[in-house]
1. Can you run down the residue pairs with Cβ atoms below 7 Å, 6 or more apart or on separate chains, where the first is in the stretch C:25-44 and without any contact (Cβ under 8 Å) to a residue 60 or more places away in the chain and under 13 Å from A:LEU123 (Cα atoms) and the partner is part of a helix (DSSP H, G or I) and of a type in the set (Phe, Trp, Tyr)?
2. I'd like to check which helices (runs of 4 or more DSSP H) are fully inside the stretch B:30-146 and have at least 1 residues that are within 12 Å of chain A (Cβ to nearest Cβ).
3. When only residues in the stretch B:208-222 that are open to solvent by 20 Å² or more (accessible area, probe 1.4 Å) and in a strand (DSSP E or B) count, which is farthest from B:GLY37 (Cα to Cα)?
4. Can you name every one of the strands (runs of 3 or more DSSP E) wholly within the stretch B:228-308 that holds 3 or more residues which are touching a residue at least 24 places away in the same chain (Cβ under 8 Å) and open to solvent by 60 Å² or more (accessible area, probe 1.4 Å)?
5. Can you run down the residue pairs with Cβ atoms below 7 Å, 6 or more apart or on separate chains, where the first is in the stretch A:183-195 and farther than 11 Å from A:PHE259 by Cα and open to solvent by 30 Å² or more (accessible area, probe 1.4 Å) and the partner is among the small types (Gly, Ala, Ser) and in a helix (DSSP H, G or I)?
6. Give the stretch A:158-194 a look and list any residue that's away from every other protein chain (no Cβ under 11 Å) and not small (Gly, Ala, Ser), or say none.
7. What's the number of the condition C:ILE159 fails, among (1) facing chain A (nearest Cβ under 8 Å); (2) crowded, with 23+ Cβ neighbours inside 10 Å; (3) in contact (Cβ under 8 Å) with a residue 24 or more places away in the chain?
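The values are calculated or read from the model by the stated rules, or taken from the named source; none is laboratory data. In this text, all values refer to a predicted model and were calculated from it rather than measured experimentally. Please note: Cβ atoms are built from the backbone with ideal geometry, for glycine as well, and neighbour counts cover all protein chains shown. Ligands, DNA and RNA are stripped out before the accessible areas are found, and what is left, the full protein with its side chains, is counted by its heavy atoms. Shrake-Rupley method; radii C 1.70, N 1.55, O 1.52, S 1.80 Å.
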Amino acid sequence: MKASTLRQVALFAAAIVALYPVWFMLSTAFKTQHQYLQNPYAFPWPLSLGNFSDAVHGGSFLRWFKNSAILTIGAVIVSTAAAALAAYAIARMRFLGRNVLFALSTALMVVPPVVMLLPLFILFTNLNLVSTYQGVVLIYAGLTLPFSIYMLTNFFRSIPHELIESALTDGARNFSVLWRIVLPLSAPALVTLVVVNGLWVWNELLIALVFLPSDNLKTLMVGVTVFQSRYNLNVPVTMAGMLLASVPMLLVYLFGQRFFIRGLTAGAVKG
Amino acid sequence: MAAVRFTGAGKVYPDGTRALERFELEVADGEFMVFVGPSGCGKTTALRMVAGLEEISEGEIRIGERVVNDLEPQERDVAMVFQNYALYPHMSVRDNIAFGLKMRKVPRGERDRAVDEIGRVLGLGELLDRKPRQLSGGQRQRVAMGRAIVRNPAVFLMDEPLSNLDARLRVQMRAEISRIQHEVGATTIYVTHDQVEAMTMGDRVAVLRKGRLQQVDDPQRLFDEPVNLFVASFIGSPEMNLLEGTVEDGAVRLGGDVLPTPGAPARLAEYAGRRVAVGIRPEYAHAADGDAPRLRGRLLVAEPLGAESLVHAELDVPPVLSEEVLEVARDADAAAVTELRSAAEERRTPFLARFAGTVRRGSGEPIEIGVDVSRLYFFDLESGSAIR
Amino acid sequence: MLRTRVWVPYLYVAPAVALLCLVFAYPVVRVVDFSTRLIRGANGPYVGSLNYQLVWEDSTFHDALKHSALLLLAVPVLLVLSIFFAVLLYERARGWRIYRSVLFLPYILAVPIVGIVASYIFELNGALNSILRAVHLNGLALDWLGSEKLSLLTVGIVIVWRELGFGIVLFLARLLSMSEDQLEAARIDGANWWARLRYVILPELRGTIEFYVVVASITMIAWVFAYVYTLTSGGPGTSSTVLELYIYNQGLRNSLPGMASAVAVVLLAVSIVSISLLLVVRARARAEELA
């Protein structure tokens, strides 16, 4: 066989494997329970739309979605803002403990969140921060902060110092240099932070499970597990729910694929 | 507008390196002052100390009446043009030029008027809404100038602003910067390591070496009366020829040839019988005619330049290998130093002369070079200072 | 460097430091403290190493530790597959852009959703086994999630399935940023596919490989809770329990915060040690290369 044929065979097989679970989700969502039990992999025909109305009634997808969106946006903003200030100081100012701070912060990237789970839970209970957006936004922002600081510090260091000096002689103060020159020039790094941290928070289950137990604050990820245990035996309805829950990200991916892939890979390609 | 005065200014970096030492200089109000010297001579450091981008470790710097040592860059009322222009890539040309005004809270209408005016003066009218990356090198250079001029600062600082342009554009921008400076009349400090730029643009030129000021003068005096070997070999293009000679009575012996020294300073007599460095500018070395004083050597190559030829010859005379000369050679080309050293061992020196017309002789053939003996330069070999 | 008053930089780093203290420093200190106490509510008497002894005597802990270590085997699998497919795409296989989008798609799906969907596919009478039986591969139609021998493997397969997309686009991005001159030169010099991979592409990918191994290892040690929770909940029995899940169960389900804290300390140590080892190996390789 020719090399190009082998290549196509390998890629085609991989594509089938990559797509199958999505196809399973999609096709099952349009089957009746009876159709599914008869043949779990057959093509869904005739199409049945009933699962979706069951799923919408049985779950609170809109509310879960709203909660996840608030937490994701909030955490990304807080994490990026705190990291930008810190990274600016680390990259561009001289102060005692600068290198230690950067090294320690970078090292925190390897600490598993579950290690902090119990003490944080007890602390937040005492501070009345459990079951609040603010509390969980703080946790997510903190957990993503080491990566944000690492990313932005390296990026800020790569900005030509003449641009900053030029702004200073043009009369800008330190903070307006950050705001008007450094941050606009860091767009690629900021995209990376939004994608990587946003995806991380959006997908997070453990902390959401523990810190947001009340029904009206559940995130999409927690909601999805609740939904599944409710409809456990009705696979088509469960899949309809999973499909609904995947729609936001699939849309983001469809329209922002470029940003997505570039954002995820930007940090690593240089190294 | 304001004068800039350095008083005993010095710069020592935290690691102990000294970049500038006891720098004394006054740049007059409205003057175009050029700082020139090889890499690492401290010229950029001196400039950045005026800008406030580099702390002043010793002495003081005044802009007008104000001591600026402790002022932030934004408080000094200076504008700077950087080597790579440092245009803000995310802003349009208009926003780039207006940035300094915006930072100084100039109202919008006034800002727009000022930018339009500058755009007209610099011929940027059409380009105001473009981004820097859509501009050519010359246009970027002009925007960088505009950004500096628009604020009408007390002092203009320019850090090798032409070094990123190609040769032709550089000549054109040289004239343009001079023209703009005269129109605006702003006090300007211009750093370059190209001595041609220094000579053609500066009202006065300050030559620096290893953090020390060597000489400040107008270009003509710098060319005619260099105070030491370093200035002599650094200023002038092509470079001054430097040979080691022995002083005789009313003459100087260079290898097998003797040149009379009619216009020599009286102090040269004190060096009778001793070796000195003798400088001959290529401009004063021509094809020998009649029985005029001459030096004999071998032709290496003659570059025809149209009206004249640049003659590369080799003389059997020891070259001057002082540290100053080596430093200038190294700055141009590191390999040149090795070449110079091996030439010295064989007691031969490369020599440049300007011959009228074309030289019809082959490489290796003997050649006689006539020297204008009233234009000889003499330097003490020990101290490097000019003998005068 | 900007010139600032001495205290100004501290102002800039203050919010970040405060947040890091709240989320990392304080909890880590407390968890070490908790691990030596008999916690009821928010505090309790000092009991020395009792919690550690209890943990050590709990066979579930040993299982969890073993399973977390076994999941690290997914890292080399991910690495090889990512590079393999990235190179195929880089060679501009027909339709490579579409393949890239498709192979990356799994990474877009949220982990809990992936876990739930996979839990139905891998059921004893789920889609996978139905298909296998339909093509008469009855011998391969195993009880993927219900058998103690297979459940961890299944978790690993699902993790690789989702995480592979990231690896592929990462290596592909690095390859696309590299100059093609080298590859063309190698081709002209007569290097075949394998030789080009071995002598041109892999050395070029080195930095990215190191990065990816670190990131993937962190994922396997510290970020698989959602997979396990939704796929198997650690079962059957304890056959797919990992350290993360063990801490969660002990701390919040079984109300044994002391033991959970002891395991958390162990997990912290394991992550620090394994990542440091990786970094040391990397530094040594770098030094060797320079020597």
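1. none
2. Values: elements: B:43-51, B:93-103, B:108-122.
In the stretch B:30-146, the matching helices (runs of 4 or more DSSP H) lie at B:43-51, B:93-103.
3. Ranking the qualifying residues of the stretch B:208-222, first place goes to B:ASP217.
4. Of the strands (runs of 3 or more DSSP E) lying wholly inside the stretch B:228-308, those with at least 3 residues that are touching a residue at least 24 places away in the same chain (Cβ under 8 Å) and open to solvent by 60 Å² or more (accessible area, probe 1.4 Å) span B:294-304.
5. Partner pairs satisfying both residue conditions: A:LEU183/A:ALA84.
6. A:TRP179, A:PRO188, A:LEU190, A:VAL191, A:THR192, A:LEU193, A:VAL194
7. Exception for C:ILE159: condition (1).
Residues are listed down the side, and each one gets a yes or a no for (1) in a helix (DSSP H, G or I); (2) more than 9 Å from chain C (Cβ to nearest Cβ):
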{"residue": "A:THR5", "(1), (2)": "yes, yes"}
{"residue": "A:VAL22", "(1), (2)": "yes, no"}
{"residue": "A:LYS31", "(1), (2)": "no, yes"}
{"residue": "A:SER48", "(1), (2)": "no, yes"}
{"residue": "A:SER53", "(1), (2)": "yes, yes"}
{"residue": "A:ALA75", "(1), (2)": "yes, yes"}
{"residue": "A:SER79", "(1), (2)": "yes, no"}
